[in-house]
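Notes follow the structure.
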Amino acid sequence: MSPDSERSPWSDLWRLEDWWAVWCGFVLIVLVVAGVVEAVPAVNEWTESPLDAVSVDIAVSLTLLATGLAALTGLGVTISGGASVWRYLPGFVGVFALAVAAYVFASQTTVREYGLGYALWALTLGLLISNTVGTPAWLARGTSSELFIKTGLVLLGAEILFGNIVSLGLPGLLVAWGVTPIVLVTMFYFGARWLRIQSKSLVITIAAATSVCGVSAAIAAAAASRATREELSLAVAITMAFTVIMMIVMPALCRWVGMDPVIAGAWLGGTIDATGAVVAAGTALGSDAEATAAVVKMIQNVLIGIIAFAIAIYWVTVVEHDPEGPRPELREVWRRLPKFILGFLAASVIFSFILIPILGMDAVAADLKVTQAFRSWFFCIAFVSIGLESNFRRLMGQVEGGKPLVLYVVGQTLNIVLTLVVAWMAFGILFGAGK
């Protein structure tokens with residue numbers, strides 16, 4: 001009998017990295033809701049000198065933040081991975097310092113205007129180090145990218161409030177949920193069958209990023225399909241590059257044709273692949289467009305957990321299933337299911353149906369600002385880690401003559417056209433909100 005079969009299922013709750021992501025996320029949520037943590041430090045916006053980004057007070061606060069996150073994640077890394085916490089901590093400090101640098105770059109006023117966020121800078125810094133001087137061994141020990149990503153996604157679940165789903169009613173659901181699965185399935189079929197991209201995990205990661213909500217969806221899909229770090233890096237790089245373009249071009253196009261603000265907001269929210277970029281694009285068209293765009297994107301974000309769950313089941317039962325072997329058991333599906341998705345869904349349910357009725361929307365909104373800041377830090381250190389762990393040669397090996405780029409362009413074109421049609425019908429014709 002194998003050691004895995006002898007191990008109690010309950011031991012997975014502290015042995016598996018997926019579960020530690022849930023515990024780390026909920027420890028932070030409890031600390032925030034209980035009022036123990038009321039704010040998370042952030043770097044200042046700056047124009048001329050990057051030294052203006054970090055004052056003495058902020059430096060002290062960032063040191064405390066790094067200490068707390070190092071202790072929390074170090075416990076998970078040590079217990080789930082068996083690594084020495086003393087070897088992990090110096091590496092984590094280095095990764096966190098690079099994350100601070102990424103935030104500093106992203107906080108420059110001109111850079112902010114163009115929407116070049118922390119994720120792009122974090123990934124770039126990591127890639128530059130790993131593919132030039134090479135990632136030092138001591139720094140590599142602090143790159144627990146999977147734990148960082150999954151913890152960030154658990155925290156993201158708290159931001160998915162079910163009240164937002166019903167605020168726009170059926171029109172919002174049609175735009176956010178009606179188009180997404182069509183684009184996802186079509187892109188997967190197109191990439192795997194027509195373009196014949198060898199890695200199905202790369203195809204589904206790009207498809208999820210395009211059809212759902214960019215980076216967060218790519219992370220969840222990559223985890224569910226066990227995509228490589230290079231595949232995730234490629235999907236994220238393509239997505240972020242086109243997000244900047246869409247954030248600038250689409251509002252200008254809406255103004256040029258005189259599109260109704262509500263319809264335009266629904267279109268932006270259903271197509272642009274990042275919540276921050278969606279809000280920025282909607283703001284350029286006025287308050288009605290901004291509000292509609294933000295809510296449509298929030299409704300769409302709900303699908304992250306559902307789609308990751310569906311991908312995990314499909315991968316076990318179809319993609320990785322041996323036709324000549326035994327049929328996968330339900331236990332195998334459960335074993336392969338990314339457990340952090342359960343934390344994502346649990347956080348959403350708790351905030352939507354327990355905390356809002358008890359504490360009120362204003363108090364929950366204040367707490368969500370803090371958990372959102374934690375989530376951003378976890379994503380930032382995750383992308384630094386992914387960059388430090390990635391190799392350009394392997395990354396370029398995923399390009400396959402530009403096929404992933406073709407997949408994204410074709411999929412995003414379908415997404416843009418289909419979402420525009422559904423937004424126009426839902427908000428302009430069927431329900432008259434855009435008249």
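Structural remarks
- Here the label points at Val409 and Ala241, each 7 Å from Cα along the C-beta direction, are separated by 1.1 nm in the simple model.
- CD proxy at 222 nm, helix term only [per DSSP H run n ≥ 4: -39500 (n - 2.57); per residue of the chain; nearest 500]: -22000 deg cm²/dmol
- Note on the chain: with a GNM built from Cα contacts shorter than 10 Å, the maximum mean-square fluctuation among Val279, Val384, Val33 falls on Val33.
- Cα-based equivalent ellipsoid of the chain: semi-axis lengths in Å, sorted from largest, via gyration tensor: 31, 27, 23
- Length-normalised contact order of the chain in % [C-alpha pairs under 8 Å, at least 6 apart]: 26 percent
- Around the amide H of Trp46, modelled in the peptide plane, lie the amide H atoms of Gln108, Thr109, all under 5 Å away and 5 or more residues distant in sequence or on another chain.
- With the simple model of a label 7 Å out from the Cα in the direction of the Cβ, Val60 to Ile306 spans 4.8 nm.
- When each of the peptides 265-278, 225-238, 410-423 is scored by the mean number of other C-beta atoms lying within 10 Å of its residues, the order from highest to lowest reads 265-278, 225-238, 410-423.
- Peptides 101-107, 116-122, 253-259, 212-218 ranked from most to least packed, by the mean per-residue count of other Cβ atoms within 10 Å: 212-218, 116-122, 101-107, 253-259.
- Taking 7 Å steps out from each Cα toward its Cβ at Thr78 and Arg112 produces label points 3.8 nm apart.
- Under 27 Å, Cα to Cα: Lys pairs in the chain, sequence gap 8 or more or different chains: 11
- Candidates Thr151, Thr78, Thr371, ranked by Gaussian network fluctuation over the chain, Cα under 10 Å, top entry: Thr78
- A simple packing score, the average count of other Cβ atoms within 10 Å per residue, orders the peptides 351-362, 301-312 as 301-312, 351-362, with the highest score first.
- Placing one equal scatterer on every Cα of region 56-203 and applying the Debye formula, the log10 ratio I(q)/I(0) at q = 0.11, 0.20, 0.21 Å⁻¹ is -0.70, -1.22, -1.25.
Since every read-out is calculated from the coordinates, none of them should be taken as a lab result. All of these numbers come straight from a predicted model, not from anything done at the bench. Every residue, glycine as well, gets a Cβ built from its backbone with ideal geometry; the counts of neighbours run over all protein chains shown.
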